[in-house]
């Protein structure tokens, strides 16, 4: 099921804010069409890693290499800002949901297709004149939006304001919007946060659908272990900005260092804690 | 050389006035993240209250200058602080959770209200004040030029220095100062920890207004004239000073003030006096483009 | 039923509130209103007392606070909910008819008020501000960029037109687009370095730009004429036919008796056409990717960047297009007045246009038009109270922000709908 080719290579990534080291010499690889999970206690630096990958922070040191299926490679630490999304086709969602709340659900998804639409509108001029090339492109964009709305069960809410959606719907909308940019790598920041068991199950199905049907690689930050264990192919564990484990979900589940990190136990007391917990 | 030193003295005096106003801007921006557009006009109001208080005291027969100065300082600081408090309560507090343009528009409205209120109440003409503090000392002389430092200039700088020290003590050592610093760091957290943020914010405005009042008095004594429009230009320049020094930093506000005062003075003295305001405004643009955190400010990381 | 006890408690609390308010009012007004400084004949300042006015004001504040405390029992006044449901519904459906109704009315104004030169001029003034409002609406309302220096582009347009017309004797129809292009160019030049600044910073920087432009216009005597401005700007002609009482003039060519009103009517329709052009372009752009990107940027810029949108060029486009329309309006202003001076381009103008946009409702074309009509029309109607009208304007800005921060027309029409989706 998983390709052995890496899609994302993070090498010696470090992010420093003044005196604070948020990420320290992190290296890991995510494979193509894999679902890779980035886990760790709060404050471990996971969102910081995301921000470095998606161009919101410029890393203090290190290399982030993204390889497209067609062979083209991008050094993400050099691409800043919108270019990571536009050129390297990396999409993301946010921990604190960033939707365009005043705009409708449909509009949110069409805005996501801004770049191809802008090109088709001849940088607005063809659009102003109502030329066919633009109208066709717009129709296509709406169709693609409809497709994702259907997959995320939001079709009946298409004309509602995004801000009026229920929490779970908003999370799904964010993912749908990210998928409308036709990404090669999808980065999800705590997509299951606040979802109940049923919704988490639906999320799992959605992510596996995306991976299967669209061959999109997924990188996800999550606290919900049912999601992580259920669907990830590969798990990387961070604590205080340092990688403490890297492997398959089963290996991670039983790794004493990981358990200790979550329970807040000192290294030399791990064996004792394990015994107490019954491992 | 002598000319240069004279300009230096003038620049430092002017800079002290700007610095006092700048403190109000930087404190408010630091704590609630908004530019108090009406602050420059609060400075103007302070100057006017001082003017009227002076004249009133003279009219009722107070002849002792130190006593008059003391009473004027008292009245102006207290009443201008009241203006600061009222403005915050009426125009800003209700909008604290609104979208970011709302308090700005409200502040612009407040600025217009203050300017026109004073214009209606006191007339649009420039108001002169008979010189109250006179005299000075000659520092250096040459054949062509004497360097003089006037008493009023000394008073301005000393008063500013004293207030800065008092204020640093307030922020660093008192409970209120600690509350203010906490609110500046993280408003929500501070309130969860029991800090009365409404009161802290109010006091921030009050103190800023009081300092602006002192600046107003100094301006009045130094220039001898006042009009309802001085708030606008002084306000933008003082805000420039706050940004230049590093928004949110108190020593930065003072430093910025001094720099702006010096730049403005030297520009008028050596280049052109008509474009001195252009110089000050241009600095604002240059600083915000190239050095947005200012000289002493903390770099802000965007929270994604 | 113990109605008496709560009532008296309410009254006691209300009294306390009122006393506090009265004291504050006294403190605020005692010097600035209670005493008045006047320049005496000798040049020195004299003090006169106005204690009666002071007493009345304090009493008014006391009474107002007392009533408010009594009626609303110390809770903040729910101003936002003071409009009953039925009225809100009526307003919403009225809005649908308002736009075409206003348009028809505007088209008929010269016909209805042909003999009233004053009203025609007022109409032209209102339409000029409507156009400025629609132009700034692109920047502030759609893209969410706080521009406090819009008057700069108005000035660039006016002075460009004036200089091109007086120095190079080009016709209005050539100068107008040139002035617009120049203004747009300035928009890009000014915008490029500053558009990455956030919120309030952007506002104050644009304000600084506006002031710099005004100061340069004021002091650069050789080019701009300094405080005297540029006089004798050629008046517009009817596509080549001058509005003169002569052979070959507009009146004689169309077999009409000459009247100075002809030119005024022409100016009216000209500004109406320009304003409608602004409106049409805005509505079209809103439905295109660029317009949607503007609105998305206003909502959440970071999300936009994560979608691959180049927010810098998006902002620049908004700035430039807004500037262009401001420039067009400036050209019109120059040709209509016949002379221009820096006085007309102060910060107050920027504040006024910004107020029109914000109070009308960000992004709402109809709201901006109504706000312009009410504010400029209102201004003119209260011309005698010149001194007080700016004060009232300031109060209006503060009050509307507290009451309806999103402006009069706060709802947004989506630019795309799916219609009835499949179940």
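General remarks:
- For the protein assembly as shown, the share of DSSP beta bridges that are antiparallel, to the nearest 5, is 70%.
- For peptide C:22-28, the mean count of partner chain Cβ atoms within 10 Å of a residue's Cβ comes to 4.
- Whole-percent pair-distance distribution, where bins are 5 Å wide, for the alpha carbons of chain A: 1, 6, 12, 15, 17, 16, 13, 9, 5, 3, 2, 1, 0, 0, 0
- Förster radius 56 Å - calculated FRET efficiency between residue C:228 and residue A:11 (Cβ-Cβ, nearest 0.05): 0.25
- Given R0 = 25 Å, the distance between the Cβ atoms of residue A:223 and residue A:251 translates into a calculated FRET efficiency of 0.85.
- Angle between chain B longest axis and helix B:101-122 axis [Cα atoms, degrees, rounded to 10]: 40
- Label sites at residue B:178 and residue A:150, each approximated as a point 7 angstrom past Cα along Cα to Cβ, lie 6.3 nm apart.
- The convex hull built on the alpha-carbon positions of chain C has an orientation-averaged projected area of 31.5 nm².
- Alpha-carbon Rg/Rh ratio, for segment C:314-423, with Rh computed the Kirkwood way: 1.07
- Sorted on the mean count of surrounding Cβ atoms within 10 Å across their residues, most packed first, peptides B:93-99, C:32-38 read C:32-38, B:93-99.
- Within a Gaussian network of chain A (alpha carbon springs, distance under 10 Å), most fluctuating of A:261, A:119, A:192: A:119
- Crossing angle, helix C:4-32 versus chain C [Cα axis fit, 0-90 degrees, rounded to tens]: 50
- Here the sum of -39500 (n - 2.57) over DSSP H runs of 4 or more residues, divided by the residues of chain B, equals -24500 deg cm²/dmol at 222 nm, to the nearest 500.
- Distribution of pairwise C-alpha distances over segment B:17-231, 5 Å bins, in %: 1, 7, 14, 18, 17, 14, 11, 8, 5, 3, 1, 0, 0, 0
- Kirkwood hydrodynamic radius computed over segment C:260-322 comes to 13.6 Å, based on all pairs of distinct alpha carbons.
- GNM flexibility winner over chain B from B:13, B:86, B:174 (Cα, springs under 10 Å): B:174
- Packing-based exposure ordering (other Cβ within 10 Å, fewest first) of B:223, B:83, A:74: B:223, A:74, B:83
- Chain C: most fluctuating residue of C:102, C:23, C:132 per GNM, C-alpha cutoff 10 Å: C:23
- The distance linking segment A:208-252 with segment B:192-262 is 52 Å (Cα centroid to Cα centroid, whole angstrom).
- Normalised per residue, the volume of the convex hull around the Cα set of segment A:99-182 (Å³): 82
- Helical contribution to [θ] at 222 nm, DSSP H n ≥ 4, -39,500 (n - 2.57), averaged over chain A, rounded to 500: -11000 deg cm²/dmol
- Helix axis angle, A:197-214 relative to chain A longest principal axis, alpha carbon, degrees: 70
- For the listed peptides C:219-231, B:227-239, a ranking on the average number of other beta carbons within 10 Å per residue, highest first, reads B:227-239, C:219-231.
- According to the Kirkwood relation over distinct C-alpha pairs, the hydrodynamic radius of the protein assembly as shown is 31.9 Å.
- Angstrom value of the Kirkwood radius, inverse mean 1/r, which spans all Cα pairs in segment A:127-279: 18.2
- Each label was represented as a point 7 Å from its Cα along the Cα-to-Cβ direction; for residue C:67 and residue B:140 these points are 6.7 nm apart.
- Of the residues B:183, A:187, the one with the fewest other Cβ atoms within 10 Å heads the list, and the complete ranking is B:183, A:187.
- By the beta-carbon count within 10 Å of each Cβ, the least crowded to most crowded order of B:161, C:28, C:416, fewest first, is B:161, C:416, C:28.
Throughout, read-outs are computed from the coordinates displayed, never taken from laboratory work. Please read these numbers as outputs of a predicted model, since none were measured by experiment. Note that each Cβ is placed from the backbone with ideal geometry, even for glycine, and that neighbours are counted across all protein chains shown.
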